[in-house]
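To keep things clear, I will list the structure first and then write my remarks on it.
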Amino acid sequence: QVHLVESGGGLVQAGGSLRLSCAASGRTFNNYDMAWFRQAPGKGREFVAGIRWSGGRTYYEDSVKARFTISRDNAKNTVYLQMNSLKPEDTAVYHCAVGRVLLLGSAQAYEYWGQGTQVTVSS
């Protein structure tokens with residue numbers, strides 16, 4: 001059974017940093033892409049960042065470019081999200097997702113999802 005376990009969320013002041021981790025287990029993840037999505041209260045799920053298995057190419061939602069960095073360790077089946085210069089509007093539950101997808105930003109294309117970790121940014 002596949003499990004995705006996120007960690008690293010918390011409460012931080014605006015301008016601060018957090019590093020999220022998502023460890024995947026239960027199968028081999030060769031050729032699986034990995035991504036982070038977030039969902040704020042009363043809003044839909046939003047793509048944040050994604051990274052390809054092959055070549056490690058990365059993609060970001062416009063509002064997080066230059067502030068967030070996604071990376072992965074294939075040997076550990078783990079994806080990370082380094083979040084700097086956090087803003088109150090970044091407050092949300094952050095979910096990692098794993099799948100073989102055509103479009104990294106397409107939430108419905110991912111096979112596996114974590115339960116999420118809360119990120120709260122105070123002003």
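All of the numbers you see were taken from the coordinates with simple rules; none came from a lab. This is a predicted model, so every value here is computed, not measured. In this analysis, Cβ positions are derived from the backbone assuming ideal geometry, glycine residues included, and neighbour counts consider all displayed protein chains.
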Quiz item: If you stretched the chain out fully between VAL2 and SER122, how much longer would it get, using 0.36 nm times the residue separation minus the C-alpha to C-alpha distance?
Solution: 39.8 nm
Self-check item: Contact order relative to length of the chain, as percent, for alpha carbon pairs under 8 angstrom and 6 or more apart
Solution: 35 percent
Quiz item: Karplus couplings for region 47-62 from phi (6.51 cos²θ - 1.76 cosθ + 1.60, θ = phi - 60°), rounded to Hz, Gly and Pro as x?
Solution: 5, 10, 7, x, 9, 6, 5, 8, x, x, 5, 10, 9, 9, 5, 4
Practice problem: Compare the peptides 81-90, 21-30 by average per-residue count of other Cβ atoms within 10 angstrom and give them in order, highest first. | Solution: 81-90, 21-30
Quiz item: What order, most packed first, do the peptides 108-117, 95-104 have when packing is the mean number of other Cβ atoms within 10 Å of each residue?
Solution: 95-104, 108-117
Self-check item: Amide H contacts under 5 Å for TYR32, placed H, 5+ residues apart
Solution: none
Practice problem: Treat every Asp and Glu Cβ in the chain as -1 and every Lys and Arg Cβ as +1, leave all other atoms uncharged, and give the resulting dipole magnitude about the Cα centre to the nearest 20 debye. | Solution: 180 debye
